[in-house]
Amino acid sequence: AARDKGKHRYAFYLDSLTEGEKSSIAIQSQLYQAVDKDEFTVYYQPQVNLNTKEVEGLEALIRWNNQELGFISPGEFIPIAEESGWISTISNWMMEEVFKDIVGWEAEGINLHVAINISYRQIEESDFVENVMYLLNKTGCLADNITFEITESILMEDLDLALKVLTEIKALGIRISIDDFGIGYSSLSYLKKFPIDSLKIDRAFVKNIQEDKNDMAIVQAIMEMSKSLEMTVIAEGVETVQQIHILKELGCTAFQGFWFSRPVPKSELAINITHIYDEKLELIS
Ligand code: C2E
Ligand code: MG
Ligand code: MG
Ligand code: MG
């Protein structure tokens, strides 16, 4: 009977929650088992360079298909994983998977650089760098095949800690890229403190770049800034040839977006991946 009562209370508790809170509880409880149940997959999205006319890298993006909840987007579950602290477990799975893929491609004679998204919560973990080293050693993946994508907010959260951890990561040979760049509040002097290799222009600025003079001005400023900071720039979320033309005029040469390819599972990446966009590149050169 005690068990029934408990169940009742739980039902009552659920009734008093909003839909959003309910689903976040459901997501959280399913998240804890998702690695063991093998419910995650890595998708890859190519990053194309106009100068070399090659795929210069891939971004690894996690996908989750849960038995009960179905497909859940990372935009939905990553913040929940971050809040609960479970993100490190998920990210360790993700890194190992990506590192193994890179080693596998290497064995086929394909050298691919992969960018992995890293959350602030991971930077805070005292054993983060150790973990990364452990996974590199375990898989035999070389650090210079990896970029970590972090958001500007990571830098703002705890300057000293971020600087310490990123410097250690950089010393391993991993590159550092600032994701969703432009929507945060980083100033030039601020960015200079960190060992950053590249900036990813947020897709919010790419979306309406044809009509919006402000967006164009922001991208122009980012391009100028990157020159003085000696960082490379990649535009994310490019969906049209018109966007690419304008970005190109502004000096941007690296692109990632649906126009080239949606994120795809490893099995759908072509063997000759570095040259699959020759026809598309014709259109924009
Ligand atoms: P992000 O790192 O900024 O990744 C880019 C997002 O934009 C991806 O969404 C990608 O599918 C989407 N995208 C790419 N090209 C286009 C385009 O042309 N148009 C539009 N509309 N969208 C495009 P996704 O895969 O849903 O991931 C969303 C966010 O979730 C990521 O944003 C990242 O912050 C986070 N995330 C994804 N995988 C991981 C992961 O393994 N670890 C962590 N910590 N975060 C992840
Ligand atoms: Mg990213
Ligand atoms: Mg991004
Ligand atoms: Mg984003």
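The values are calculated or read from the model by the stated rules, or taken from the named source; none is laboratory data. Here the structure is a predicted model, which means the values were calculated and not measured. Ideal geometry is used to build each Cβ from the backbone, glycine not excepted, and the neighbour counts take in all protein chains shown. For accessibility, only protein heavy atoms count, side chains too; no ligands or nucleic acids. Shrake-Rupley method; radii C 1.70, N 1.55, O 1.52, S 1.80 Å.
Here the range 90-162 is treated with +1 on each Lys and Arg Cβ and -1 on each Asp and Glu Cβ, and its dipole about the Cα centre works out to around 260 debye. Accessible area per residue for the chain is 52 Å², calculated with a 1.4 Å probe on protein heavy atoms, without ligands, DNA or RNA.
Between helix 2-15 and the chain there is an angle of about 40 degrees, using the helix long axis and the longest principal axis of the Cα atoms.
Under a Cβ-Cβ cut-off of 15 Å, what is the net charge of the residues other than GLU282 that fall near it, where Lys and Arg count +1 and Asp and Glu count -1?
Working: positive: LYS53, LYS248, LYS280; negative: GLU54, ASP278, GLU279.
Spelling it out: positives minus negatives among the neighbours equals 0.
Taking the charge dipole of the chain about its Cα centre, with +1 at Lys and Arg Cβ atoms and -1 at Asp and Glu Cβ atoms, the residue from ALA143, LEU172, TYR32 reaching farthest to the positive side is TYR32.
Counting DSSP beta bridges in the chain, what percent are antiparallel, to the nearest 5? Don't jump to the answer; show the numbers that get you there.
Values: 17 of 39 bridges.
Rounded to the nearest five, the antiparallel share is 45 percent.
How high is the relative contact order of the chain, given as a whole-number percent (alpha carbon pairs under 8 Å, six or more residues apart)?
On the way: 411 pairs, mean separation 51.3, N = 285.
Relative contact order here is 18 percent.
In whole percent, how big is the carbon plus sulfur part of the accessible area of the range 150-198, probe 1.4 Å, protein atoms only? Each step should come with its number before you reach the end.
Values: 1210 of 2310 Å².
Carbon with sulfur: 52 percent of the solvent-accessible area.
Helical runs (DSSP H, four residues minimum) scored at -39500 (n - 2.57) apiece and divided by the length of the chain put the mean residue ellipticity at 222 nm at -15000 deg cm²/dmol.
Descending by average beta-carbon neighbour count within 10 Å, the peptides 196-204, 126-134, 99-107 line up as 196-204, 99-107, 126-134, the highest first. The fraction of all Cα pairs in the range 31-188 landing in successive 5 Å bins from 0 to the largest distance is 2, 8, 17, 22, 20, 17, 10, 4, 1, 0, given as whole percents. Angle, helix 74-84 long axis vs. longest principal axis of the chain, Cα atoms, 0 to 90°, nearest 10? For helix 74-84, the angle is close to 60 degrees.
Counting only DSSP beta bridges with both residues in the range 25-174, the antiparallel share comes to about 65 percent. Antiparallel beta bridges, as assigned by DSSP with both residues in the range 169-261, represent about 0 percent of the total such bridges.
Only Lys, Arg, Asp and Glu carry charge here, each on its Cβ (+1 for the first two, -1 for the last two); on that basis the chain has a dipole of about 240 debye about its Cα centre.
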